[in-house]
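Reading through the structure tokens given below for one structure.
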Amino acid sequence: MAQDMEKPLNQYAAFILNEARALVNDAITFHRGVEDGHPTEQRRKSLEAIQNRMAEIERSVNFARIILEGKEPGPKAIEQDTLHEKGTGFSDFLSKIGESVVQSQKKLDQKSIEYLSSIKDRPYLPPTLFRIPKIEAELKVALEEKDQTGLNVILFSRQSEMSQLNQQSLKLEIAAVPPSPDLLKGLEDHAPRVDFLFDHLERKEVFDLLKQLGAAMEKLPLARQVERMHSEESQEQVLIWPILARSSYLLLFAGEISDNDVGIWFLDKSKALLEPVIRIDLKGKPSENQAHFREFVFALGLAQQKLFRGAF
């Protein structure tokens with residue numbers, strides 16, 4: 001193979017390898033989006049990135065194949081490839097701007113944290129977050145117009161060509177906008193959280209079973225604790241946390257009698273099982289303090305009671 005063909009072949013080989021590695025990352029991103037149930041628009045963009053990447057690989061493979069066959073690409077193909085190497089594609093142009101904005105915003109976020117930390121002892125200074133509200137960009141494009149006339153007579157030809165190059169500017173504005181509701185919901189669905197039970201019918205089933213199992217308890221103190229939870233005045237303050245595919249529950253209840261007036265009970269509906277995880281009257285060890293936990297559960301119980309009564 002001619003020596004002058006080795007250099008472009010190496011360039012195409014390196015480009016194909018880099019694009020193939022990037023394609024793997026794009027495919028992983030799309031696969032995760034499908035598995036995690038990302039919004040449709042986000043998955044569509046991932047798929048378009050894969051499609052664009054494959055088109056770039058196919059184009060480079062075709063040029064490399066031409067070189068390997070000892071041929072030279074036609075003038076039109078060389079011209080297109082030269083423009084591709086020297087110029088910037090519109091999608092790449094926007095992608096680079098987006099990456100730059102994100103990286104710049106990350107640095108601003110870090111500076112915001114440092115600034116807030118530096119003024120925490122100076123209440124007369126208002127807290128401020130630094131954001132990039134808008135980015136303006138300009139893309140230069142050139143349009144070439146050619147007019148060609150000629151006269152061919154057997155062995156002789158007379159041709160004239162006039163070329164006109166028009167340079168244009170395309171201005172863009174990239175503004176910071178809040179995330180879409182679909183994206184926020186996707187993030188919320190994957191964030192760890194505690195969802196208490198508010199359905200009145202299901203709560204009634206829980207309290208009916210609680211009353212039944214509590215009455216069958218052999219130890220009187222435990223039976224009294226259960227009776228206190230399913231009493232009419234306490235039910236609205238009992239926090240019911242469905243676990244294990246909603247077949248079991250953790251019940252949290254706190255009162256104001258003492259610092260250890262707080263408890264957690266486990267209820268398995270399928271097995272009709274009820275047992276204390278932490279007894280309501282269980283006194284902590286000398287190194288333990290249950291008061292903070294009681295205050296937290298008690299406050300949640302009062303908030304739930306207001307929710308049921310519509311007292312906001």
Give me 26, 182 ranked fewest to most by other Cβ atoms within 10 Å of their Cβ, as a rough exposure proxy. 182, 26
Can you tell me the relative contact order of segment 200-309? Whole percent, Cα pairs under 8 Å, sequence separation 6 or more. 23
For an R0 of 22 angstrom, estimate the FRET efficiency from the Cβ-Cβ distance between residue 189 and residue 28 and round to the nearest 0.05. 0.60
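Contact order normalised by length for segment 1-60, with contacts defined as Cα pairs under 8 Å and 6 or more residues apart; what percent is it? Present the calculation step by step, with values, prior to reporting the outcome.
Numbers: 23 pairs, mean separation 26.6, N = 60.
Averaging sequence separation for qualifying contacts and normalising by length gives 44 percent for segment 1-60.
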Sticking to Cα atoms, compute the Rg of segment 200-309 to one decimal and its Dmax as the biggest Cα-Cα distance, whole number, in Å. 13.5, 42
From phi via Karplus (6.51, -1.76, 1.60), per-residue ³J(HN,Hα) for segment 195-209 in Hz, x at Gly/Pro: 10, 7, 8, 10, 5, 5, 5, 5, 5, 5, 4, 5, 6, 4, 5
Can you sort 12, 249 by how many other beta carbons sit within 10 Å, fewest first? 12, 249
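Every number in this text was worked out from the coordinates using simple rules, so none of it is lab data. Small disclaimer: the values here were computed from a predicted structure and weren't measured. Because the Cβ atoms are built from the backbone with ideal geometry, glycine has one as well, and the counts that use them run over all protein chains shown.
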